[in-house]
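Where a number appears in this text, it was derived from the coordinates with a stated rule and is not lab data. Values in this document were obtained by computation on a predicted structure and should not be read as measured data. Positions of Cβ are generated from backbone atoms using ideal geometry, with glycine treated the same way; all protein chains shown enter the neighbour counts.
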Amino acid sequence: MRRTSSDEPLVDLTRYIVEHLVDEPEAVTVTQTEDEGQPVIVIEVEDEDRGAVIGRQGRTIKAIEAVVRAAAGGGPVPVLEVADG
């Protein structure tokens, strides 16, 4: 697994969680962008790992969002987006 660190701890946290959910952790890319002033964390994984990240009825991605929201504290809470393959 890639152990890179960025200046964005919420990106690092998201990457850490996602890498431990998928079969191909080396293919995980997590970046942060902005959309109309709203921070967005974009998660890219292999097509066959998308289901593991999203989960049944979106439960897994909602759980990841809850952890990221808690880690954000009082700061801006990013939206999580799983990119299409």
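Look through V42, V67 and report the one residue that is buried (at least 17 other Cβ atoms within 10 Å of the Cβ) and either on the phi > 0 side of the Ramachandran plot or not polar (S, T, N, Q) (or both).
Residue meeting the stated conditions: V42.
Would you check which residues across segment 65-85 are touching a strand residue (DSSP E or B) at 6+ places or on another chain (Cβ under 6 Å) and within 23 Å of E46 (Cα to Cα) and list them?
E65, P78, V79, L80, E81, V82, A83
If you take the residues in segment 47-64 that are charged (D, E, K, R) and under 12 Å from the mean Cα position of the chain (by Cα), which one is surrounded by the fewest Cβ atoms within 10 Å (Cβ to Cβ)?
Among them, the one singled out is K62.
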